[in-house]
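To start, the structure itself, in structure tokens.
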Amino acid sequence: MTDCIFCKIVRGEIPSRQVFENEHVLAFHDIQPAAPVHVLIIPKKHIASANEMQPEDREVLGEVLLAAPAIARELGVAEGGYRLINNCGPDGGQVVYHLHVHLLGGEKLGGLNVKHP
Ligand code: 5GP
Ligand code: ZN
């Protein structure tokens, strides 16, 4: 996916403020933070959305989720807590079609009736 912005971030063609990286995962600060801590955790592999996740992506997807507590600890929000969000498709509010998990924290977040992180 050469024109995907998150693939470009993975390739270093678009700068990002990275907070975590391993073989399968990259995480970086959201460009428009919706909370004091707002990090996007993505698989390096292009997976368009949760609808496109495949059984063979099991390890990569596990790594994406497992990165969350490590990042939360690193950024000092593990103890206070945080929220992990995946927006899928138009009704889910997905804008970038490269799977990502939002990690939001650093303040007491509102209820789950939020329209969009
Ligand atoms: P979605 O609505 O697809 O779940 O979330 C996409 C997120 O990506 C938004 O929160 C938006 O601010 C963020 N975003 C879009 N383009 C860029 C970018 O070029 N760099 C970074 N760091 N974040 C981006
Ligand atoms: Zn991509």
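The values are calculated or read from the model by the stated rules, or taken from the named source; none is laboratory data. Note that this is a predicted model, so its numbers are computed, not measured. FYI the Cβ positions are ideal-geometry reconstructions off the backbone, even for glycines, and counts take in every protein chain you see. Side chains included, ligands, DNA and RNA excluded: accessible areas come from the protein's heavy atoms. Shrake-Rupley method; radii C 1.70, N 1.55, O 1.52, S 1.80 Å.
Observations
- Residues within segment 16-31 that are within 19 Å of LEU66 (Cα to Cα) and open to solvent by 60 Å² or more (accessible area, probe 1.4 Å), tallied: 3
- Boolean, GLU13 is at pLDDT 95 or above, open to solvent by 90 Å² or more (accessible area, probe 1.4 Å), more than 26 Å from GLY80 (Cα to Cα) and more than 13 Å from ligand 2 (Cβ to nearest atom): no
- Total residues in segment 45-64 satisfying the condition of being charged (D, E, K, R) and either within 13 Å of ligand 1 (Cβ to nearest atom) or under 26 Å from LEU109 (Cα atoms) (or both): the figure is 1.
- The set of residues in segment 71-100 being open to solvent by 30 Å² or more (accessible area, probe 1.4 Å), touching a Leu at 6+ places or on another chain (Cβ under 8 Å) and within 16 Å of ligand 2 (Cβ to nearest atom) consists of ASN86 alone.
- Test: residue in segment 32-44 that is more than 20 Å from GLU107 (Cα to Cα), surrounded by fewer than 18 Cβ atoms within 10 Å (Cβ to Cβ) and without any contact (Cβ under 8 Å) to a residue 12 or more places away in the chain: no
- Cross-chain or 6+ apart pairs with Cβ under 7 Å, segment 14-26 first and small (Gly, Ala, Ser), then near ligand 1 (Cβ under 9 Å from one of its atoms): SER16/ILE9; SER16/PHE28
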